[in-house]
Amino acid sequence: MLLIPVAFAAGATKMDARASDAALDARLKKLETELRCLVCQNQTLADSNADLAEDLRREVRSLAVQGKTDTEIKAYLVARYGDFVLYNPPLKGTTWLLWGAPFGLLVGGGALWWIVLRRRAARELPVSADDADAQARARAILDGAEPPAAS
Amino acid sequence: MKAIRWSIPLAIFVILLAFLWVGLGRDPREVPSPLIGKPAPAFALTELHQPSRTLSNSDLKGKVWLLNVWASWCVSCREEHPLLMQLAASKAVLIYGLDYKDDPNAGRTWLTQNGNPYTASIVDRDGRVGIDYGVYGVPETFVVDKEGVIRYKQIGPLSLTSLQQKIGSAVRFSCC
């Protein structure tokens, strides 16, 4: 009689452990896709088979098991390898150009486009009597009523 | 008006050219270390030739020393090894070796075959101290000053130029 709740409790903790393992795996997988492998620089820590990537994955896991948050784990790696380990570079003094340039180009390009459009609109003159004559001739040529003047 | 017409695209082109010039001239393998100007990470590891002894960074306080990360499996280490041997012979600076992720037996054999420039080598079997030092491309060389602060880091093999200019000036700066 006494054994049943004990067995049940043991089963429950085992299930909990398995569930939290799966959660940890998912969390680490996500974290590892945000970190760069230093050896093969265009691969994430999750993708890389390099020896160092393996070591770093082991390190990241042990930090996570110790209860460190994602931010703390990233800070741990940044302290050793620099911002380069992060696939998303942080916004700071040396990276403002990197983050700001796309918006700057968008605003600059938009301004240029607007100026060009306005100039073009200003250049379009009202149709004069000469133009009306010329248009009538052009229409006649297009309709085949009048042969084009040899030039 | 005409001048503005062609000078704006020209200016943009020149700026682009400047970015490409600087960007393409850089070695993407060389990631600047955040450890420069910071205290050398602590370690306490067994010595390669005297496994009963432990060397820690606090033992080296008050001295200027190089930490050269090497391994018997490291091919480029052979390239810089003659330079390290010369540097050791000149007694200009203490050289300590970090035998990184290596079998100690293989490490000892390698030093017997190629010569041992190190005052002592320490064994980083699982590469954990390597991680603390941000090692990702063996060989690497750190210059540590008397206060135990990292002054310079060389990624990849040393050359005569890098040794004379970068390492040399970092050592001189550290010692006097």
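The values are calculated or read from the model by the stated rules, or taken from the named source; none is laboratory data. Everything quoted here is computed from the prediction, not taken from an experiment. Note: ideal-geometry Cβ built from the backbone for every residue, glycine included; neighbour counts use all protein chains shown.
For the criterion of being modelled with pLDDT of 85 or more, among the basic types (Lys, Arg) and either over 15 Å from B:PRO39 (Cα atoms) or buried (at least 21 other Cβ atoms within 10 Å of the Cβ) (or both), B:ARG151 fails.
Set side by side, the residues B:GLY156, B:GLY134, B:GLY97, B:GLY107 differ, and just one is surrounded by fewer than 18 Cβ atoms within 10 Å (Cβ to Cβ) and in contact (Cβ under 8 Å) with a residue 12 or more places away in the chain, which is B:GLY156. Counting just the residues of region B:123-135 that are over 15 Å from the mean Cα position of the chain (by Cα) and closer than 18 Å to B:ALA106 by Cβ, which one comes out farthest from the other protein chains (Cβ to nearest Cβ)? So the residue we want is B:VAL123. If you go through region B:14-47 and keep only what is closer than 28 Å to B:PRO104 by Cβ and either assigned to a helix (DSSP H, G or I) or away from every other protein chain (no Cβ under 14 Å) (or both), you end up with B:ALA44, B:LEU45, B:THR46, B:GLU47.
So that you can scan it fast, the table gives a plain yes or no per residue for (1) more than 14 Å from chain A (Cβ to nearest Cβ); (2) in contact with a Leu (Cβ under 8 Å, 6 or more places away or on another chain):
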residue: B:VAL69; (1), (2): no, yes
residue: B:GLU79; (1), (2): yes, no
residue: B:MET85; (1), (2): yes, no
residue: B:LYS91; (1), (2): yes, no
residue: B:TYR100; (1), (2): no, no
residue: B:THR109; (1), (2): yes, no
residue: B:TYR118; (1), (2): yes, yes
residue: B:SER121; (1), (2): yes, yes
residue: B:PHE142; (1), (2): no, yes
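The numbered conditions (1) within 14 Å of chain A (Cβ to nearest Cβ); (2) in contact with a helix residue (DSSP H, G or I) (Cβ under 8 Å, 6 or more places away or on another chain) are all true for B:ILE150 except (2).
Listed by position, the helices (runs of 4 or more DSSP H) inside region A:33-151 whose residues that are within 20 Å of the chain's Cα centre (by Cα), within 14 Å of chain B (Cβ to nearest Cβ) and surrounded by 10 or more Cβ atoms within 10 Å (Cβ to Cβ) number at least 1 are A:70-81, A:96-123.
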